[in-house]
Amino acid sequence: YLDTGLVQDAGYLLQSLKERYPGEPRIGLLEALLAKRRGQLRRALELANRNLETNQQDPLAWRLRGEICVLTGAIDQAISNFQKSRSLEDSPATALALAKAYLWAGRDNEALGEFKTALAAPAAPREAFMLLERTYRRLGRDDALRQFYADVLDRLPNSLFWLVRAGAFALEQRDYAIACDRYEEAYRLRQEQLASQPQVTRDTQYAMALDGYLHALILSAGAGRPEALDKVQQEGARHIDTPYAPVVLCRLAEAKKAQGDTQAVAAYCRQAVDKVYDDETLAGEVLPRVSSIWGAEHVADYCRQRLEAQPSSLPANLLMSHLARVREDYSESIDHIDKCIALCDPQSPQRVAYVQRKAGLLIGAYRQTSDKQYLRRAIDVYESLVAQMPTNSSVLNNLAYLLAQACPEPSRRDDRDLDRALEYAGKALAADPDSAVYLDTYAY
């Protein structure tokens, strides 16, 4: 329960356990774990120390004390505690905790050694893989990173996640042949996994592997393997009438651009825009790519033509809003989203989504200009949503954050907005006490 973040529920369970087994000595350690997760670090340390007074040979208690020391910034003490825990029980979890403490202390080589110890265990924590990869990247150890990916894939040959990560690294290193191999493995693997499932919706993992594979082939062609463009065309053609068409069309346009075929580039880019015409999620992904391939003005002209043909079309206005957002023209983007709002039924969920999108655009305009009038307008938008949905925790949370952001310096502040922010954040948190997002806003 604690690992999942259900801290309140864990407290109820622990209380029940204490009532059933009042003399159980291990309960003290569980209380320390709970106190740590509640942020009650002083109490957690007292409980861990009390447990160690009765049992100096408890590796978990030493590890817990090390974790508390990390949270209080006492890194040297944390390292000492983790080392003591390791001497009593050589567990991958403790090796990982010690590695992280070494990282905090700037002792990178010792951290790398502990990561390798953690990974040597049959049930190595996934976090150890991620942190070792990140550490190699931070230190710029490309040769070690290359070997790391090879070792991980020897151990986990059917891991789509690591095949894609290895492919991305190979692209960075301009090892295009390896990148093609890794992405193709991931692409074929996901194909097999999905073979028994009807392809009604877009599978994110498949889309990532397919896109990476086509990208690697295009770069490979530019590095002296022109025949790779034939594979791009072959694989791309298979997906024109699938949920993956918008992204595939972008890659086909890239391939044609590499061959200097401007007419085909324009045709594929128009098709890509048409495919996301009424798809709000994909439009945000595809329009920037199409703009970089075909040119922002060509895309803008094509979208304007569609809007002129259907000025009251909701998808056309939504597309123009997306495009203006890509150009960071927030004023135009807001104008088009206002038209989308006006075209919707007043009670429809879609209208609520567009109103929230308008608030997001106003916040973007505020970040671009530092003009607080945009922030106040975003607050007005969210207040209208609260009036419409007074128990919607997400809306309450967002409004609370904006109100807190809008407050001036303490010396010039009228705390009424801050009081309202705290009230709204409290309501959101009360509805979901274990939400990290709501806890974050309330703390802020």
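Every read-out reported here was derived from the displayed coordinates using simple, explicitly stated rules and does not represent laboratory data. Worth saying up front: this structure is predicted, and the values here are computed from it rather than measured. Reconstructed Cβ throughout: ideal geometry from the backbone, glycine too, with neighbour counts over all protein chains shown.
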What full-extension length gain, to one decimal in nm, is calculated for Ala436 and Glu53 as 0.36 nm per residue of separation minus the Cα-Cα distance? 134.4 nm
Roughly what angle does helix 27-37 make with the longest principal axis of the chain, taking Cα atoms, 0 to 90 degrees, to the nearest 10? 40
Taking Cα atoms, the helix 59-72 axis meets the longest principal axis of the chain at an angle in degrees (rounded to 10) of 60
For segment 153-290, calculate the relative contact order in percent as a whole number, restricting contacts to Cα pairs under 8 Å that are 6 or more residues apart. 16
Evaluate the relative contact order of the chain (contact order divided by residue number), counting alpha-carbon pairs under 8 angstrom at least 6 apart; express in whole percent. 6
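Taking each pair of different alpha-carbon atoms in segment 88-214 once, compute 1/r for the pair, average those values, and report the inverse of that mean as the Kirkwood hydrodynamic radius in Å to one decimal. If you can, show how the numbers build up before the last one.
Working: mean 1/r = 0.0631 Å⁻¹.
When all Cα pairs of segment 88-214 are included, the Kirkwood radius is 15.9 Å.
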Add -39500 (n - 2.57) for each DSSP H run of 4 or more in the chain, then divide by its residues: what number comes out at 222 nm, to the nearest 500 deg cm²/dmol? -25000 deg cm²/dmol
Could I have the simple spin-label model distance between Gln388 and Thr204, label points 7 Å from Cα toward Cβ, reported in nm to one decimal? 2.7
By how many degrees, 0 to 90 and rounded to 10, does the Cα axis of helix 296-309 deviate from the longest principal axis of the chain? 70
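In segment 73-154, which trypsin sites (Lys or Arg not before Pro) fall in coil by DSSP and have 15 or fewer other Cβ atoms within 10 Å? Each step should come with its number before you reach the end.
Working: sites: Lys84, Arg86, Lys100, Arg107, Lys116, Arg126, Arg134, Arg137, Arg138, Arg141, Arg146; in loops: Arg107, Arg141.
Counting only loop positions with at most 15 other Cβ atoms within 10 Å, the trypsin sites (Lys or Arg not before Pro) in segment 73-154 are Arg141.
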With no solvent and one equal point scatterer placed on each C-alpha of segment 286-377, evaluate the Debye formula and give log10 I(q)/I(0) for q = 0.12, 0.23 Å⁻¹, two decimals. -0.39, -1.14
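Relative contact order of segment 359-442, please, whole-number percent, based on alpha carbon pairs below 8 angstrom and at least 6 residues apart. Please list the in-between numbers first.
On the way: 88 pairs, mean separation 19.1, N = 84.
Once normalised by length, the contact order is 23 percent.
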Quick check on my link table: of Lys18/Lys84; Lys18/Lys100; Lys372/Lys427; Lys84/Lys116, which ones sit more than 24 Å apart, alpha carbon to alpha carbon? Lys18/Lys84; Lys18/Lys100; Lys372/Lys427
Loop-located trypsin sites (Lys or Arg not before Pro) in segment 217-300 whose Cβ has at most 12 other Cβ within 10 Å (DSSP): Arg238
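Calculate, in whole percent, how much of the Cα-Cα pair population of the chain lies beyond 31 Å.
Details: 60661 of 98346 pairs.
Here the long-distance tail beyond 31 Å is 62 percent of all Cα pairs in the chain.
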Express in whole angstrom the spacing between the alpha-carbon centres of segment 299-326 and segment 65-107. 56
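Using per-residue counts of other Cβ atoms within 10 Å, averaged over each peptide, order 35-47, 12-24 from highest down.
Numbers: 35-47: 17.2, 12-24: 11.2.
Ranking the peptides 35-47, 12-24 by packing returns 35-47, 12-24.
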Which three lengths, in whole Å and largest first, does segment 229-361 cover when its Cα atoms are put on their principal axes? 50, 27, 26
Would you kindly calculate the mean projected area, averaged across all directions, of the convex hull enclosing the Cα atoms of segment 216-304, in square nanometres? 5.5
Looking at the P(r) of segment 136-198, how many percent of alpha-carbon pairs lie beyond 18 Å? 37
Report the per residue volume, in Å³, of the convex hull enclosing the C-alpha atoms of segment 49-110. 66
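Let me make sure I get this right: for segment 343-444, a, b and c are the square roots of the gyration tensor eigenvalues over alpha carbons, sorted descending. Under 1.5 in a/c it's rounded, otherwise prolate if a/b > b/c, else oblate. Which is it? List each step's numbers first, then the result.
Working: a/c = 1.94, a/b = 1.13, b/c = 1.71.
Because a/c hits 1.5 or more and a/b fails to exceed b/c, segment 343-444 counts as oblate.
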Under the classification rounded if a/c is under 1.5, otherwise prolate if a/b is larger than b/c and oblate if not, where does segment 334-398 fall, given a ≥ b ≥ c as square roots of the Cα gyration tensor eigenvalues? oblate
For a paramagnetic label modelled at 7 Å from the Cα of Gln368 toward its Cβ, which residues of segment 305-348 fall within the zone defined by backbone nitrogen distances under 14 Å? 321-337
